[in-house]
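Okay, structure first, notes after.
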Amino acid sequence: SGPYLDPMNVTVSEFAVSDRGGVTEAAMAVLGVGSLVLLAGLRSAGAPVRGMPGRLLMVWSGALIVAAIIPTTPIGQNLDLAAQIHRYASVAAFVSLPAAGALLVPRLTAHAAWKPVARAVEWVALAGGFGLLAITYVALPGERVMIGLVERLLLAAEVSLLAVLAGWLAWLAWRPSASKAVNFPTYHRFIASRS
């Protein structure tokens, strides 16, 4: 789209407002809605997300949806009210998901069904925390050097957290039906039952 849209130095929001194809905003909205669906699934499966982790996941989802609906200003322009709302929603999203992951780790460790993913959640939450430190440094004293790269790495850590939770939820949900599907009578059992 042009040299000014360098993904290493342009944030996702700046890219979205400059591109105006709507694909980035749609992806943000879908991720926000999908995260709400994931939270509902986690709750219905009995995952230990009640309380603050669940609230932080709702903040993540809502902030993503708000940031998708309310765009920032184009590159080089002063921030107007809508851009400030977009910025605060983005900050809320970036902060809430690693915090939710960090709060989930001890709960997952204490829950028998979720204990196998506690370590993975811990690692991606830790990566998200380091990403938050990095983007804070780059955005403030770092004068936005490589802000696009840092933001994309942070987003990768945050989406990885969601993927770990969603993957384990799917495995837990399908495990009973998978074991039933595998537990079919073998040929020799079938013959033995007939004789």
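The values are calculated or read from the model by the stated rules, or taken from the named source; none is laboratory data. Fair warning: this is a prediction, and the values are worked out from it, not measured in the lab. Here Cβ is always computed from backbone atoms with ideal geometry, including for glycine, and neighbour counts include all displayed protein chains. Areas reflect the complete protein model, heavy atoms only, side chains present, ligands, DNA and RNA absent. Shrake-Rupley method; radii C 1.70, N 1.55, O 1.52, S 1.80 Å.
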| Using beta carbons and a limit of 7 Å, which pairs, at least six apart or on different chains, have the first residue in the stretch 24-39 and more than 23 Å from Glu14 (Cα to Cα) and the second one open to solvent by less than 30 Å² (accessible area, probe 1.4 Å) and outside any helix (DSSP H, G or I)? | Leu39/Val49
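Being open to solvent by 30 Å² or more (accessible area, probe 1.4 Å) and hydrophobic (A, V, I, L, M, F, W, C) is the filter here, so list the residues in the stretch 155-168 that pass it. Spell out the reasoning first.
As a first pass, look at the stretch 155-168 and keep what is open to solvent by 30 Å² or more (accessible area, probe 1.4 Å): 155-156, 159-160, 163-164, 166-168.
Of everything in the stretch 155-168, those that are open to solvent by 30 Å² or more (accessible area, probe 1.4 Å) and hydrophobic (A, V, I, L, M, F, W, C) turn out to be Leu155, Ala156, Val159, Ala163, Val164, Ala166, Trp168.
Yes or no, residue by residue, for (1) in a helix (DSSP H, G or I); (2) touching a helix residue (DSSP H, G or I) at 6+ places or on another chain (Cβ under 7 Å); (3) open to solvent by 20 Å² or more (accessible area, probe 1.4 Å):
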residue	(1), (2), (3)
Gly34	yes, no, yes
Leu39	yes, yes, no
Leu42	yes, yes, no
Gly46	no, no, yes
Leu56	yes, yes, yes
| task | Pull up the stretch 139-154, narrow it to residues that are crowded, with 19+ Cβ neighbours inside 10 Å and aliphatic (A, V, I, L, M), then point me to the one that is nearest to the chain's Cα centre (by Cα). | result | Leu154
| query | When Ile65 is evaluated against the numbered criteria (1) closer than 23 Å to Leu169 by Cβ; (2) open to solvent by less than 80 Å² (accessible area, probe 1.4 Å); (3) free of Cβ contacts under 8 Å to residues at least 24 places away in the same chain, which criterion, by number, is the only one it fails? | reply | (3)
| field | Residue count, the stretch 5-36 (criterion: at pLDDT below 75 and aliphatic (A, V, I, L, M)) | value | 3
| said: Looking at Val138, Val117, Val124 in this structure, which one is among the β-branched types (Val, Ile, Thr), under 27 Å from Val23 (Cα atoms), part of a helix (DSSP H, G or I) and out of contact with any Pro (no Cβ under 9 Å at 6 or more places or on another chain)? | reply: Val138
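Looking at the stretch 90-114 only, could you name the residues that are among the aliphatic types (A, V, I, L, M), open to solvent by less than 10 Å² (accessible area, probe 1.4 Å) and either assigned to a loop (DSSP other than H, G, I, E, B) or closer than 30 Å to Thr24 by Cα (or both)? Talk me through it step by step, then tell me what you get.
Quick first cut of the stretch 90-114, residues among the aliphatic types (A, V, I, L, M) only: 91-93, 95, 97, 99-100, 102-105, 108, 110, 112-113.
Next, from what is left, pick out any that are open to solvent by less than 10 Å² (accessible area, probe 1.4 Å): 93, 97, 100, 104, 108.
Once the filter is applied, which keeps residues that are among the aliphatic types (A, V, I, L, M), open to solvent by less than 10 Å² (accessible area, probe 1.4 Å) and either assigned to a loop (DSSP other than H, G, I, E, B) or closer than 30 Å to Thr24 by Cα (or both), the stretch 90-114 yields Ala93, Leu97, Ala100, Leu104.
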